[in-house]
Amino acid sequence: MATTDSWIDENIPGQDGRVVVVTGGNSGIGAVTAGALAARGARVVLACRDVSRGEAAAAGMTGDVRVLPLDLADLASVRAFPERLGEPVHVLLNNAGVMAVPHSTTRDGFELHLGTNFLGPFALTGLLLPQITERVVTLSSVVHRRGRIDLDDLNWEHRRYARWGAYAQSKLADLMFARELQRRLAAAGSPVLSVAAHPGIAKTELTSHTGSLVQGAVLSLSSRMAGHSAEMGALPLLYAAASPDASPGGYYGPTGPGEVRGYPGLAASSTAAQDKKVAAALWARAQELTGVAYPSKR
């Protein structure tokens, strides 16, 4: 089997001259992805809630890496980001997120998974779109298959809260967003691609941020036994972001059994993820909740 480094060498072209924004690029697969792209010549921007952690991560990377503050759970922070960035972007990687946390809300009152994993990236992409020249990559999850979009209760205000149900809904929303964005970009004649990816089951800090010692221990054990490293988990994201073979609206993940580990290829999606009517309704609801209206054409 090829090593991770040789896979990158064989599949990811040089990145000289490209500007790449990676949300949550200070740890886990975001940090691995950012470091790999910077090492191949990209100018990488780590968009992080914790700037000090971002700077510590950047110090360990080779190449041109800078850090800017971004809190996806705060729409004011999201709105301020494009001006802070102040330059065109070749690729936006919507990587940051939370997983299976106790019930909480964002600064704007959204359920935390919905706000951080979906509405924040939706708003950020819409605000940055006039500056994006090549690709938008959005991170989903194999857990999206367990998700259901409840358009009447996206924020879990009327249902009994279930942390995994909330996470699954947000990751299903991410995949539907990526595909709906591609449809809208194509209809507008835009050359920008929208692509989705998932890491399988990767050992990252995300497993220790559930707010539950038991769940954290179970997730950590599962990732060690069935999953793969953050370096391997980053490969689908790298492929989606930089491979010349990535398809418009494509979805990429590990190709091993159950898509939990292995080298990247086309990933399977649920029937719900292919529902264009619900995707359009979700898009309209996201615009309403965030106040971010996408440009109708470039």
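Read the figures in this text as sums done on the coordinates, not as results from a lab. The structure presented is a predicted model; accordingly, all values stated were derived computationally and were not measured. Cβ: placed from backbone, ideal geometry, glycine included. Neighbour counts: every protein chain shown.
Running a GNM on the chain with Cα contacts under 10 Å, which residue among Ala267, Ala281, Ala168 ends up with the highest mean-square fluctuation?
Most flexible of the set in this elastic network: Ala281.
Can you give me the long-range amide H partners of Asp108? Hydrogens built in the peptide plane at 1.01 Å from N, cutoff under 5 Å, separation of 5 or more residues or another chain.
Under 5 Å from the amide H of Asp108: Leu75.
Quote the relative contact order of the range 38-110 in percent (integer), defining contacts as alpha-carbon pairs under 8 Å separated by 6+ residues.
26
For His228, list long-range residues whose amide hydrogen, built 1.01 Å from N in the peptide plane, is under 5 Å from its own amide hydrogen.
The list, which skips near neighbours in sequence, is Ile201, Ala202, Lys203.
In debye, nearest 20, what is the charge dipole magnitude of the range 244-298 about its Cα centre with +1 on Lys and Arg Cβ and -1 on Asp and Glu Cβ, if you could check?
On the way: 6 positive and 4 negative charges, 44 e Å.
Approximately 220 debye in magnitude.
Which ³J(HN,Hα) values, rounded to whole Hz and listed in residue order, are derived for the range 279-287 from phi using the Karplus coefficients 6.51, -1.76 and 1.60 in 6.51 cos²θ - 1.76 cosθ + 1.60 with θ = phi - 60°, glycine and proline given as x?
Each residue's phi maps through the Karplus curve to give 4, 5, 5, 5, 4, 4, 5, 5, 4 Hz.
Go ahead and set up a Gaussian network model of the chain, Cα springs under 10 Å, then flag whichever of Asn117, Asn95, Asn155 fluctuates most.
Of Asn117, Asn95, Asn155, the most mobile in the Gaussian network model is Asn155.
Note the listed values (1) 68, 19, 15; (2) 25, 23, 19; (3) 31, 26, 21, then indicate which one is semi-axes √(5λ) of the Cα gyration tensor in Å calculated from this particular structure.
(2)
Using packing as a proxy for protection, rank 41-53, 174-186, 63-75 so that the peptide with the highest average count of other Cβ atoms within 10 Å comes first.
174-186, 41-53, 63-75
Starting from the amide H of Ile132, placed 1.01 Å from N in the peptide plane, find each other amide H under 5 Å away whose residue is 5 or more places distant or on another chain.
Val89
Along the charge dipole of the chain, pointing to its positive end and built from +1/-1 on Cβ of Lys, Arg, Asp and Glu, which listed residue (Leu289, Pro199, Ala279) has its Cα farthest out?
Ala279
List nothing, just return the count: lysine pairs in the chain, 8 or more apart or interchain, with Cα separation under 25 Å.
Numbers: Lys171/Lys203; Lys171/Lys276; Lys171/Lys277; Lys276/Lys297; Lys277/Lys297.
Here the count comes out as 5.
Mind putting a number on the dipole of the chain about its Cα centre? Charges go on the C-beta only, +1 for Lys and Arg and -1 for Asp and Glu, and I need it in Debye to the nearest 20.
Its charge dipole is roughly 500 debye.
I want to verify a result. In a Gaussian network model of the chain, Cα cutoff 10 Å, which of these has the top mean-square fluctuation: Pro82, Pro13, Pro254?
Fluctuation is largest for Pro13.
Expressed as a whole number of Å, what is the distance separating the alpha-carbon centroids of the range 148-208 and the range 1-73?
For the range 1-73 versus the range 148-208, the Cα centre distance is 22 Å.
First select every other residue whose beta carbon is under 12 angstrom from the beta carbon of Phe177; then total the charges, Lys and Arg +1, Asp and Glu -1.
+3
With contacts defined as alpha carbon pairs under 8 Å and 6 or more residues apart, what's the relative contact order of the range 4-289 in percent?
17
Per residue of the chain, what 222 nm ellipticity follows from adding -39500 (n - 2.57) for every DSSP H run with n ≥ 4, rounded to the nearest 500?
Theoretical 222 nm ellipticity from helices: -12000 deg cm²/dmol.
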